[in-house]
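This report concerns only the one structure given below.
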Amino acid sequence: MALFLTLFGASTVLAQTRAYVANINDNTVSVIDSATNSVVATVPVGQLHITVAVTPNGAFAYVANQGSHTVSVIDVATNTVIATVPVGLTPWAIAITPNGAFVYVANQNSNSVSVIDTPTNTVTATVPVGLQPLGVAVTPNGAFIYVGNSGAGTVSVIDATTNTVSATITGFSNPGNLAITPGGAFAYVTNQGNSTVSVINTATNTVTATIPVGVNPTFLDITPDGAFVYVSNFFSSSVSVIDTATNNVIATIPVVLGFPAGVAINPAGTFAYVAILTGNVVLQIDIATNAVTASIPVGNGPAGIAFPTRAPVAPDPIDSLIAQVQALVTGGSLTQSQGDALIGKLHEIRTKINTGQTNAACNQLSSFINQVQGFINNGSLTVSQGQALIDAANAIKSSLGC
């Protein structure tokens, strides 16, 4: 038993260092050991596959095969395909729930999402969505699935409990891939039609920001701490780096080897890996410096890339408070300037916490509470609305030992 546990634990740790790359032009998946930045295996799969996702425990990789209308299931212990699952027409995007129980597959030409039960590798539900779904992402608590419908210019929100669409968000321009912040408060969506990234407040399912990036943003991923979004701009041959605190682009990284496609951040949050479709390489970007530090040869036409799906994390309390404030602005209780003042204060608090300035963070939280109390006193907020914000701020103060 002890030997089994030792081996199993070692296997899980090893899996977390490996990235899986879908090579669209030679129908293979390259397996990169990110500890050495070398390809350790090449796995034949179905035809014309764009995207890949890996279970949270690193045991299985699921590959969406557009040309075969199937999903290949790779056992990472042996790097062999152990199952092929028929889905809808032209499966384009794929995501796995944080508990590893289900795989959601966006079928571009069926206008649907297939739900695969991972213990049996069978489709247990098919959910109609908008026209031409090209992106799919699951909230960290596994409760909702966000689907980018490129042809409809919408994002569908699927309730995982019922596998039905519970909301449809409008106002996008050929939305593609999505990524959700670790705390689950915001979803970032690439708009290929107007070269922007939209930010969705998941509490209200409204767009709260639109960020200009490079031409034809295609894939994106978010660092494990939620601080940065890395976006591949296909026709600009660049990667944009968005600071989630301000929703501004803080760096643009040129890519000289071809068109960038899939993006994946390693579990440690130290490097971004970008698949270069026409260069047949994966580039490693150092997140600390935003410099390209390695070029890894892979198969022909690398498109999607993935590390294991992140396990569930507790919602970030600052993100949750920001989402609450934005909801009050959207609902008309607070003006934009009032909301911006509170949100700015919350970003300052996050910075103080992250830099170890606990006393300063406590003081800022008290100032935030005073601001909210002022909005209650002048009638901008009802007592219940304001008290909800105050209670959340006091909970953060308690966690800091203020």
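The values are calculated or read from the model by the stated rules, or taken from the named source; none is laboratory data. None of these values were measured; they are calculated from a predicted model. So basically every Cβ, Gly included, is an ideal-geometry build from the backbone, and we count neighbours across all protein chains shown.
Sub-9 Å Cβ pairs linking a first residue in region 23-37 that is assigned by TED's automatic domain parsing to the domain that holds Pro302 and touching a residue at least 12 places away in the same chain (Cβ under 8 Å) to a second residue that is surrounded by fewer than 22 Cβ atoms within 10 Å (Cβ to Cβ) and of a type in the set (Phe, Trp, Tyr), at least 6 apart or interchain, are Ser34/Phe271, ordered by first then second residue.
Considering region 32-52, and only residues there that are among the hydroxyl-bearing types (Ser, Thr, Tyr) and in a strand (DSSP E or B), the residue that is surrounded by the most Cβ atoms within 10 Å (Cβ to Cβ) turns out to be Thr51. Condition (residue is in contact (Cβ under 8 Å) with a residue 40 or more places away in the chain, of a type in the set (S, T, N, Q), surrounded by 20 or more Cβ atoms within 10 Å (Cβ to Cβ) and within 15 Å of Val71 (Cα to Cα)) applied to region 91-107: is it met by at least one residue? No, region 91-107 contains no residue that is in contact (Cβ under 8 Å) with a residue 40 or more places away in the chain, of a type in the set (S, T, N, Q), surrounded by 20 or more Cβ atoms within 10 Å (Cβ to Cβ) and within 15 Å of Val71 (Cα to Cα). Being out of contact with any helix residue (DSSP H, G or I) (no Cβ under 6 Å at 6 or more places or on another chain), surrounded by fewer than 19 Cβ atoms within 10 Å (Cβ to Cβ) and under 20 Å from Ser166 (Cβ atoms), is that true of even one residue in region 209-227? No: region 209-227 contains no residue that is out of contact with any helix residue (DSSP H, G or I) (no Cβ under 6 Å at 6 or more places or on another chain), surrounded by fewer than 19 Cβ atoms within 10 Å (Cβ to Cβ) and under 20 Å from Ser166 (Cβ atoms).
The single residue among Thr154, Thr118 that is closer than 14 Å to Ala187 by Cβ, surrounded by 16 or more Cβ atoms within 10 Å (Cβ to Cβ) and at pLDDT 95 or above turns out to be Thr154.
For region 265-327, list the strands (runs of 3 or more DSSP E) that sit wholly inside it and hold at least 2 residues that are surrounded by fewer than 16 Cβ atoms within 10 Å (Cβ to Cβ) and more than 15 Å from the chain's Cα centre (by Cα); which are they?
Values: elements: 271-276, 281-286, 291-297, 302-306.
Filter on region 265-327 gives 291-297.
Inspect all residues belonging to region 246-255 and state whether any of them is in contact (Cβ under 8 Å) with a residue 12 or more places away in the chain, in contact with a Gly (Cβ under 7 Å, 6 or more places away or on another chain) and not in a strand (DSSP E or B). Within region 246-255 (the criterion being in contact (Cβ under 8 Å) with a residue 12 or more places away in the chain, in contact with a Gly (Cβ under 7 Å, 6 or more places away or on another chain) and not in a strand (DSSP E or B)), the answer is no, since none of the residues qualifies.
Just checking, does region 59-70 include any residue being in contact with a His (Cβ under 8 Å, 6 or more places away or on another chain), at pLDDT 95 or above, outside any helix (DSSP H, G or I) and over 21 Å from Asn300 (Cα atoms)? Scanning region 59-70 turns up no residue that is in contact with a His (Cβ under 8 Å, 6 or more places away or on another chain), at pLDDT 95 or above, outside any helix (DSSP H, G or I) and over 21 Å from Asn300 (Cα atoms). The listed residues are Leu220, Leu257, and the only one of them that is within 26 Å of Tyr146 (Cβ to Cβ) and of a type in the set (A, V, I, L, M) turns out to be Leu220. Answer with yes or no whether Thr358 is over 22 Å from Ala227 (Cα atoms) and surrounded by fewer than 20 Cβ atoms within 10 Å (Cβ to Cβ). The answer is no for Thr358.
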